[in-house]
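Enquirer: One structure, as structure tokens, below. Some questions next.
Just so you know, all these numbers are worked out from the coordinates, no wet-lab data involved. Fair warning: this is a prediction, and the values are worked out from it, not measured in the lab. Positions of Cβ are generated from backbone atoms using ideal geometry, with glycine treated the same way; all protein chains shown enter the neighbour counts.
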Amino acid sequence: MEYEVAFEISKSGIGNLTFALPGLAFIIIGILMFKFRGKLSQNRPKWFVNAFATFFLSFAVLWTLLAGIGIGAQQSSVRADYIAGKFDVVEGVVENFDPMPASGHKMESFTVGGVKFEYSDFVVTPGFNNATSKGGPIQEGMPVKISYIGNIILKLEIAKSANKSMQPTADLPPL
């Protein structure tokens, strides 16, 4: 069976490191608090403004570093294992597909060859996490080939015949 690659971790760019990027905005806000603490302390005690600015900036730096290092280390480790071939592969049909609702209040899940996978657009993971309600490609009965470590999908391949059969034809209205 021929497959098309829908996701591959080695080609996913910086992946979920973007999760840590908002921390940079908070670091800038903390720096601005220090710069303009004189104006901020007009109606408040100076010690309070200094303490709050110090806490705010320290927390922003710590959170950004820990989030970036934690996510980066996991992503780097998983990519290295993928490149080294330290992963499992399962091939078969998507079964027990339970899509995540658009509101995102549960994980999307399915099984292939008895292996269960769960993911969500709202959960930080280095692997595939594109739920159907957010444009993801997984559908019940779809033939797939999945390279994975644990519950992390490193490579998702979809049968070319499945992609053609899932496309609406010209004489049928789109789904």
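Enquirer: Of all residues in the range 27-70, count the ones that are among the hydrophobic types (A, V, I, L, M, F, W, C) and either within 30 Å of T125 (Cβ to Cβ) or outside any helix (DSSP H, G or I) (or both). Let's see the steps before the verdict.
Expert: Pass one, the range 27-70, residues among the hydrophobic types (A, V, I, L, M, F, W, C): 27-29, 31-34, 36, 40, 47-49, 51-53, 55-57, 59-63, 65-67, 69.
Now restrict to residues that are either within 30 Å of T125 (Cβ to Cβ) or outside any helix (DSSP H, G or I) (or both): 27-29, 36, 56-57, 59-63, 65-67, 69.
Residues meeting the conditions: 15.
Enquirer: Looking at the range 98-121 only, could you name the residues that are touching a helix residue (DSSP H, G or I) at 6+ places or on another chain (Cβ under 8 Å) and either loosely packed, with under 12 Cβ neighbours inside 10 Å or farther than 27 Å from A25 by Cα (or both)?
Expert: P99, M100, P101, A102, E108, listed by residue number.
Enquirer: A follow-up question, please. Going through V78, V94, V49 one at a time, which residue ends up being within 30 Å of M1 (Cβ to Cβ), out of contact with any Phe, Trp or Tyr (no Cβ under 7 Å at 6 or more places or on another chain) and crowded, with 16+ Cβ neighbours inside 10 Å? First the steps, then the outcome.
Expert: Details: V94 fails: out of contact with any Phe, Trp or Tyr (no Cβ under 7 Å at 6 or more places or on another chain); V49 fails: within 30 Å of M1 (Cβ to Cβ).
From the options V78, V94, V49, the qualifying one is V78.
Enquirer: Name every residue in the range 100-138 that is in a loop (DSSP other than H, G, I, E, B), closer than 16 Å to E8 by Cβ and under 13 Å from the mean Cα position of the chain (by Cα), in order of residue number.
Expert: Quick first cut of the range 100-138, residues in a loop (DSSP other than H, G, I, E, B) only: 100-107, 113-114, 120-131, 135-138.
Filter once more, keeping what is closer than 16 Å to E8 by Cβ: 125-130, 136-138.
Within the range 100-138, T125, P126, G127, F128, N129, N130, G136 qualify.
Enquirer: Further question: If G141 satisfies every condition in (1) part of a loop (DSSP other than H, G, I, E, B); (2) touching a strand residue (DSSP E or B) at 6+ places or on another chain (Cβ under 7 Å); (3) closer than 26 Å to Q75 by Cβ but one, which is the exception?
Expert: So the condition that G141 fails would be (3).
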